[in-house]
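Undergrad: Structure incoming, see below.
The values are calculated or read from the model by the stated rules, or taken from the named source; none is laboratory data. The shown structure was predicted, so the numbers you read here are calculated from the model rather than taken from an experiment. All Cβ positions, even for glycine, are placed from backbone atoms using ideal geometry, and neighbour counts span all protein chains on display. Protein only, heavy atoms only, side chains kept; ligands, DNA and RNA dropped before computing areas. Shrake-Rupley method; radii C 1.70, N 1.55, O 1.52, S 1.80 Å.
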Amino acid sequence: MDIVRRGYVPQDLVEFGPKYREAMGRAAQEVGYLVNRGYDIKPASTFVGNHYMLSERQRLALARIISPDGMIAKRLESEIPKTEPPAQVLIDGFNLIVTLEVALSGSLLIEGMDGTFRDLAGLRGTYRIVDKTELAVDAMLRYMDQAGIRRARIFLDQPVSNSGRLRQLIRERSAGYKVQADAELRPDVDRSLYGCEAVVTSDAIILNNCASWFNMGRWIIEALVPEAWVYRLE
């Protein structure tokens, strides 16, 4: 299998480096001001991004980092502490596995205001298994074993290409771990997780609509991929 760096864009080294640190910080403050006064995040990040001449990828990063203060407070209130891992989790499968693949590739991750790590891979319904996929699945399973999580239901979006192959891989790899993990194909993973407890995702819409969530993606990366590149606003 060819070596693939999931989510790698060479220009990220410049656009998320020292040269744009000040501009990104100012833009973030202004986008935050607007969204806290009722503006939608996408037009707000576009408007401010135009002013600071930011790239499309920089604007996307701001949109994924920033949320209104009320939403952040709600997410933090419903977050399960790292020190109290739940016995069972419901995992937004593609969301978590792609983020882990990006981390393992040394590609850019961003830290959201809610403390989640997000990627900018932008697969949009297309997915293929790469050399980092098995490593990502093993990292997920290994962390759950170490944390004492006994059961995991991993939801995969059925319309996404190769979802069936990923389900089979997860089932095969889980045989070597203590956690009882199974992967399920769902037509609409987002809605399947609305109102649920102990959800694992960094998707803002799901976080706003679930009953509680566990920031497992971040904890896996910090524990098992400490060299990951995580961009943080200052």
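Undergrad: Do you know which residues across segment 152-170 are among the charged types (D, E, K, R) and in a helix (DSSP H, G or I)? Outline the logic, then answer.
TA: Start the filter on segment 152-170 by keeping residues that are among the charged types (D, E, K, R), which leaves 153, 157, 165, 167.
Matches in segment 152-170: R165, R167.
Undergrad: Now for a separate question. Taking segment 136-151 only, how many residues are over 11 Å from I170 (Cα atoms), open to solvent by 10 Å² or more (accessible area, probe 1.4 Å) and in a helix (DSSP H, G or I)?
TA: Within segment 136-151, residues that are over 11 Å from I170 (Cα atoms), open to solvent by 10 Å² or more (accessible area, probe 1.4 Å) and in a helix (DSSP H, G or I) number 5.
Undergrad: Here are A136, A198, A204, A181: which of them is over 19 Å from V4 (Cα atoms) and touching a helix residue (DSSP H, G or I) at 6+ places or on another chain (Cβ under 7 Å)?
TA: Answer to the check: A181.
Undergrad: Of the conditions (1) in contact with a Phe, Trp or Tyr (Cβ under 9 Å, 6 or more places away or on another chain); (2) touching a residue at least 40 places away in the same chain (Cβ under 8 Å); (3) open to solvent by less than 10 Å² (accessible area, probe 1.4 Å), V31 fails just one. Which one is it?
TA: Of the numbered conditions (1) in contact with a Phe, Trp or Tyr (Cβ under 9 Å, 6 or more places away or on another chain); (2) touching a residue at least 40 places away in the same chain (Cβ under 8 Å); (3) open to solvent by less than 10 Å² (accessible area, probe 1.4 Å), the odd one out for V31 is (2).
Undergrad: Pick from segment 31-45 the residues that are outside any helix (DSSP H, G or I) and not small (G, A, S): which of them is nearest to the chain's Cα centre (by Cα)?
TA: The selected residue is D40.
Undergrad: Now, a different point. Note down all Cβ pairs under 9 Å where the first residue falls in segment 206-233 and is on the phi < 0 side of the Ramachandran plot and of a type in the set (D, E), the second is at pLDDT 95 or above and outside any strand (DSSP E or B), and they're at least six residues apart or on different chains.
TA: The qualifying pairs are E222/A228; E227/A103; E227/G106.
Undergrad: Might you check whether a residue that is of a type outside the set (A, V, I, L, M, F, W, C), open to solvent by less than 70 Å² (accessible area, probe 1.4 Å), closer than 26 Å to M71 by Cα and at pLDDT 95 or above occurs anywhere in segment 121-129? Give the derivation first.
TA: From segment 121-129, those of a type outside the set (A, V, I, L, M, F, W, C) are 122, 124-128; that's our starting set.
In the following step, the residues that additionally are open to solvent by less than 70 Å² (accessible area, probe 1.4 Å) were identified as 122, 125, 127.
When the remaining residues are screened for being closer than 26 Å to M71 by Cα, the result is 122.
Next cut, at pLDDT 95 or above only: none.
Scanning segment 121-129 turns up no residue that is of a type outside the set (A, V, I, L, M, F, W, C), open to solvent by less than 70 Å² (accessible area, probe 1.4 Å), closer than 26 Å to M71 by Cα and at pLDDT 95 or above.
Undergrad: Looking only at segment 65-86, count how many residues are in a loop (DSSP other than H, G, I, E, B) and in contact with a strand residue (DSSP E or B) (Cβ under 7 Å, 6 or more places away or on another chain).
TA: Summing the residues that are in a loop (DSSP other than H, G, I, E, B) and in contact with a strand residue (DSSP E or B) (Cβ under 7 Å, 6 or more places away or on another chain) in segment 65-86 gives 2.
Undergrad: Going by the structure shown, is V9 in contact with a helix residue (DSSP H, G or I) (Cβ under 6 Å, 6 or more places away or on another chain), open to solvent by less than 90 Å² (accessible area, probe 1.4 Å) and either closer than 22 Å to V102 by Cα or among the β-branched types (V, I, T) (or both)?
TA: Numbers: in contact with a helix residue (DSSP H, G or I) (Cβ under 6 Å, 6 or more places away or on another chain): no; open to solvent by less than 90 Å² (accessible area, probe 1.4 Å): yes; either closer than 22 Å to V102 by Cα or among the β-branched types (V, I, T) (or both): yes.
No, not satisfied.
Undergrad: Any residue that is modelled with pLDDT of 95 or more, open to solvent by less than 20 Å² (accessible area, probe 1.4 Å) and under 21 Å from the mean Cα position of the chain (by Cα) - is there at least one of those in segment 46-57?
TA: No, because not a single residue in segment 46-57 is modelled with pLDDT of 95 or more, open to solvent by less than 20 Å² (accessible area, probe 1.4 Å) and under 21 Å from the mean Cα position of the chain (by Cα).
Undergrad: Where the second residue is modelled with pLDDT under 95 and surrounded by fewer than 18 Cβ atoms within 10 Å (Cβ to Cβ) and the first is closer than 17 Å to Y127 by Cα and lies in segment 80-104, which pairs have Cβ atoms under 8 Å and are six or more apart or on separate chains?
TA: Between residues of segment 80-104 that are closer than 17 Å to Y127 by Cα and residues that are modelled with pLDDT under 95 and surrounded by fewer than 18 Cβ atoms within 10 Å (Cβ to Cβ), the close pairs are F94/L123; V98/L123.
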